[in-house]
1. Read through the list (1) out of contact with any helix residue (DSSP H, G or I) (no Cβ under 7 Å at 6 or more places or on another chain); (2) surrounded by fewer than 15 Cβ atoms within 10 Å (Cβ to Cβ); (3) closer than 29 Å to residue 191 by Cα, then give the number of the only condition that residue 29 fails.
2. Does residue 191 meet the test of being in contact (Cβ under 8 Å) with a residue 12 or more places away in the chain, farther than 16 Å from residue 132 by Cα and outside any loop (DSSP other than H, G, I, E, B)?
3. What are the residues in the range 66-90 that are more than 18 Å from residue 113 (Cα to Cα) and touching a helix residue (DSSP H, G or I) at 6+ places or on another chain (Cβ under 8 Å), if any?
4. Criterion first (touching a residue at least 60 places away in the same chain (Cβ under 8 Å), over 30 Å from residue 22 (Cα atoms) and not assigned by TED's automatic domain parsing to the domain that holds residue 262) does residue 160 satisfy it?
5. Can you pull out the residues in the range 194-217 that are closer than 25 Å to residue 19 by Cα and touching a strand residue (DSSP E or B) at 6+ places or on another chain (Cβ under 6 Å)?
6. Which count do you get for residues in the range 253-280 that are under 34 Å from the mean Cα position of the chain (by Cα) and part of a helix (DSSP H, G or I)?
7. Taking residue 111 and the conditions (1) closer than 20 Å to residue 20 by Cα; (2) not assigned by TED's automatic domain parsing to the domain that holds residue 212, which numbered condition does it fall short on, given that it satisfies the others?
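The values are calculated or read from the model by the stated rules, or taken from the named source; none is laboratory data. Bear in mind that the values here come from a model prediction, so they are computed numbers and not experimental data. A quick note on method: Cβ atoms are made from the backbone with ideal geometry, for glycine too, and the neighbour counts reach across all protein chains shown.
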């Protein structure tokens, strides 16, 4: 019997699973799932479909962010003598999915941890979108409440890179409306049903994409991307002119924020200049 055909060494194996198309399972992932002693998963029904597709029968142990501390401790203890695979319902475990506490505790206990990379929705969407990908920030799900959503977008506004979010179909239009207001002028992309039959990636301004999905309510799993701010060359005279215009209707802080978003200039310096202009 070759080493590849024999039992796996005890430890934790983080296994990426397909995000839609079952054909995206890697050969290495299928091998580990076939040879492990058991699989820790979010939803046993979802994982059962995958291993049935692979012709595998394994014990499935429910593990998610609601699992009790005792459940996690028992899993870590079992890894001392057994090979345990960790999967999420789709994609790479721990990417907006449960598991980081399990990995942390396993490493603290000296349990060997191995990662098997594979399908990943944020990276697949980034590649498909055509947005700048030399730098990007994955920020998980936007908050469901309007104010909290705006606060997060305001916080991320100065970050000069492509932003990647997960979003649900019912909340997509609200998020696009918030982006159009808080991050004006940025290109957005909506990647939907990645790797599936009706895969779609629609890009444009937030207002245009919003109009489309208001007329055609989306379905399925969604990744929402926001391009980095457009670099605008603005002289001191240009900035003053923009500040004067904004100050006609806005307070100094708001005017400075608007000009900072439009030009990429430092918000604090613009605020100081706005206060000077108000005093003139």
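1. Just one mismatch for residue 29, condition (2).
2. When the stated conditions are applied, residue 191 does not pass them.
3. Hits for the range 66-90 are 89, 90.
4. Criteria met by residue 160.
5. Selection gives 200, 201, 202, 203, 209.
6. Here the count works out to 16.
7. Exception for residue 111: condition (1).
Here's the yes/no breakdown for (1) buried (at least 19 other Cβ atoms within 10 Å of the Cβ); (2) touching a helix residue (DSSP H, G or I) at 6+ places or on another chain (Cβ under 7 Å); (3) more than 15 Å from residue 184 (Cα to Cα):
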| residue | (1), (2), (3) |
| --- | --- |
| 215 | no, no, yes |
| 230 | no, no, no |
| 249 | no, no, yes |
| 259 | yes, yes, no |
